Amino acid sequence: MDLLNTLVEKGLRRELPTREEALAVLATSDDDLLEVVAAAGKVRRQWFGRRVKLNYLVNLKSGLCPEDCSYCSQRLGSKAEILKYTWLKPDEASKAAAAGVAGGAKRVCLVASGRGPTDRDVDRVSQTIEAIKEQNEDVEICACLGLLSDGQAERLRAAGADAYNHNLNTSEGTYGDITTTHTFADRVDTVRRAQTAGLSACSGLIAGMGESDADLVDVVFSLRELDPDSVPVNFLIPFEGTPLAKEWNLTPQHCLRILAMTRFVCPDVEVRLSGGREVHLRSMQPLALHLVNSIFLGDYLTSEGQEGRADLEMIADAGFEVEGADTTTLPEHRREGCGPCGSGDSGQSAPAEPVTNTGAPRTDLVAVRRRGAGTDLAPNA
């Protein structure tokens, strides 16, 4: 296919595809899916070999958020039955992080709900970063605390943070349909503040919120322009009790096309397979490893992920290897100013009865998080 040959050549040169080419990837048929995955896989291997970086989330503060992001179970007015708790103490967060590191995680992501941190919150998180680094000197720490104010990124960097996450989530043109309490420009501003402070920027998207293919291309092109070092690709988990609870728009095949398009547009960036992979990719998750070079291990913020052992087995069975702490993630040309960044126990029970794929939404796969931080159950790492 001429399109795919062109995209591979551009990806190997780090050249930006055209919008038309990116849209064409999303429009390919299921019959061509393996060709699309193979083509994007060539670009992935050029920059990252067969390595898979593991990342682990620690939810420092869950629920009770004043923002109205329609996709989020922690939003203002959410009726989702999630865990709600205030700030974890540094030793609690360090203990939670240790579970992920023991499972092979190279990066620990510290996340707190809310519009953005107060200066006191930055102090809290700084103490938590120091506690984790004291136990695991080589682990990367990524903070995700919302919109940043003057000087806060610099303080996090001084405390030992390596990266900062703030996703764009959707296109600028449709952002107001998803969130009204802040703007797309606010999010861009926070990512730039992190970059200016010398933190490795992490910014990505959420697919499956009812957006068009053009919206998906728009947000990925905006990310390319913003130039983060890592791009998490989330697939909407439609929580009951949120405005997007009925948005079941994705198939495993289209998820793979979205990941391939992201890889072609951001060829040398850490593309991370993130929330919703178990719900939407299901048994096709191993194919996604040919497109991404990074995944989250275990649970997400308010939902259960795949058992950590199953993730490790999936990586090995697919012929990939976990990236070690002594390996730099990013290609050499992207490392300048990036610091060190270069990211268990029982899991979900199997369904009692076999599930037949009738084309209906697989709502049975959405599991509210019940383990890890904020509970007395061991993390699913």
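Nothing in this text is a laboratory measurement; each read-out follows from the coordinates by a stated rule. Quick caveat, the model's predicted, so the values are computed rather than measured. For neighbour counting, all protein chains shown are included, and Cβ atoms are generated from backbone atoms with ideal geometry for every residue, glycine included.
Couple of notes before you dig in:
- Amide H to amide H distances under 5 Å link ARG14 with no residue, where only residues 5 or more positions off or on other chains count and H is placed in the peptide plane.
- Summed over qualifying helices (DSSP H, 4 residues or more, each -39500 (n - 2.57)) and divided by its residue number, the chain shows a 222 nm mean residue ellipticity of -10500 deg cm²/dmol.
- Each Cα pair under 8 Å and six or more residues apart adds its sequence gap; the mean of these over the residue count of the range 2-325 is a relative contact order of 25 percent.
- The alpha carbons of the range 253-302 occupy a box of 30, 21, 15 Å along the principal axes, longest dimension given first.
- If you model the range 1-136 as an ellipsoid using its alpha carbon gyration tensor, with each semi-axis the square root of five times an eigenvalue, the axes come out at 39, 22, 14 Å, biggest first.
- One compactness figure for the range 187-323 is 1.05, namely its Cα radius of gyration divided by 2.2 N^0.38 Å.
- Cα-Cα P(r), the chain, percent of pairs per 10 Å interval: 5, 25, 37, 26, 6, 0
- Counted charge near SER29, where neighbours are those whose Cβ lies closer than 12 Å (Asp, Glu -1; Lys, Arg +1): -3
- Dimensionless Rg/Rh of the range 295-338 - Kirkwood Rh, Rg from C-alpha atoms: 1.10
- The length gained on full extension between LYS84 and ARG14, counted as 0.36 nm times the residue separation minus their Cα-Cα distance, comes to 20.9 nm.
- In summary, the lysines within cross-link reach of LYS133, defined as a Cα separation below 28 angstrom excluding same-chain residues under 8 places away, comprise LYS53, LYS61, LYS84, LYS89, LYS95, LYS106.
- Here the average projected area of the convex hull drawn through the C-alpha atoms of the range 1-43 stands at 2.7 nm².
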